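These notes concern the structure reproduced below.
The values are calculated or read from the model by the stated rules, or taken from the named source; none is laboratory data. On a predicted model such as this, the values are computed, not experimentally measured, just so you know. Here the Cβ positions follow ideal geometry from the backbone for every residue, glycine too, while neighbour counts run over all protein chains shown.
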Amino acid sequence: MTKNTIKMAALLLASTAFVAGCGKKEVDTLPPEAQGTNYGQTPTADPNANAAGQTIPGSQEDFLQQVGQFGDRILFETDRFNVDAEDQATLQRQAQWLAQYPSTRITVEGHADERGTRDYNLALGERRANSAKNFLVSIGVDASRIQTVSYGKERPSALGSDEQAWAQNRRAVTVTIR
């Protein structure tokens with residue numbers, strides 16, 4: 001073997017070892033929970049019920065009862081943030097509920113699936129949250145009642161690395177604020 005062949009083999013071996021060490025890294029900690037919501041918490045007592053166990057009008061529980069179990073979220077296609085006809089119907093139900101409680105404010109959370117970089121998914125989540133907000137504003141909800149936040153891929157709804165999980169994680173979720 002010539003010196004050049006040995007150098008090339010050594011360089012190839014070193015670069016292969018370097019690339020092998022650049023695998024996907026696991027996230028040890030997630031960002032802090034949203035303030036003013038009970039997202040991801042399991043309460044010991046229902047904070048949205050009064051002493052008689054009835055749901056408090058204008059609460060998140062009331063919101064979910066009125067708009068349906070999954071009426072608090074709209075789903076998106078891969079790399080998209082457009083509001084389709086099905087999403088419009090969901091947001092219309094949300095707007096009708098909000099019209100009943102004019103002092104209630106909401107946060108629209110934008111989410112993405114695990115694919116893509118953190119920065120890309122945060123930007124995509126922001127566009128998704130803003131799309132939902134803009135539609136709500138276009139049908140009469142006061143913009144000052146709506147905050148948006150993007151969690152990107154940091155708060156998945158479904159765990160897994162398949163299309164079914166990714167489809168559930170590409171979403172905008174409406175959460176009431178007390």
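Worth a mention:
- Taking each residue of segment 57-83 that is polar (S, T, N, Q) and looking for partners that are assigned to a strand (DSSP E or B) with beta-carbon atoms closer than 8 Å, six or more apart or interchain, yields 59/176; 60/175; 60/176; 65/55.
- Looking only at segment 131-150, residues that are under 11 Å from residue 88 (Cα atoms), among the hydrophobic types (A, V, I, L, M, F, W, C) and within 16 Å of the chain's Cα centre (by Cα) come to 1 in all.
- All positions within segment 143-155 that are of a type in the set (Asp, Glu) and either in a strand (DSSP E or B) or free of Cβ contacts under 8 Å to residues at least 40 places away in the same chain (or both): none
- Selection within segment 66-87: residues that are polar (S, T, N, Q) and over 23 Å from residue 121 (Cα atoms). The member of this set that is surrounded by the fewest Cβ atoms within 10 Å (Cβ to Cβ) is 69.
- When 158, 172 are checked against the criterion of being outside any helix (DSSP H, G or I), surrounded by 18 or more Cβ atoms within 10 Å (Cβ to Cβ), among the small types (Gly, Ala, Ser) and touching a helix residue (DSSP H, G or I) at 6+ places or on another chain (Cβ under 6 Å), 172 stands alone in meeting it.
- Filtering segment 113-126 for residues that are within 22 Å of residue 64 (Cβ to Cβ) and either hydroxyl-bearing (Ser, Thr, Tyr) or assigned to a loop (DSSP other than H, G, I, E, B) (or both) leaves an empty set.
- All positions within segment 106-118 that are in contact (Cβ under 8 Å) with a residue 24 or more places away in the chain and surrounded by fewer than 16 Cβ atoms within 10 Å (Cβ to Cβ): 115, 118
- Selection within segment 49-96 - at positive phi and either modelled with pLDDT of 90 or more or not in a loop (DSSP other than H, G, I, E, B) (or both): 79
- When the criteria are applied in full, residue 104 meets the requirement of being of a type in the set (S, T, N, Q), touching a strand residue (DSSP E or B) at 6+ places or on another chain (Cβ under 6 Å) and under 17 Å from residue 64 (Cα atoms).
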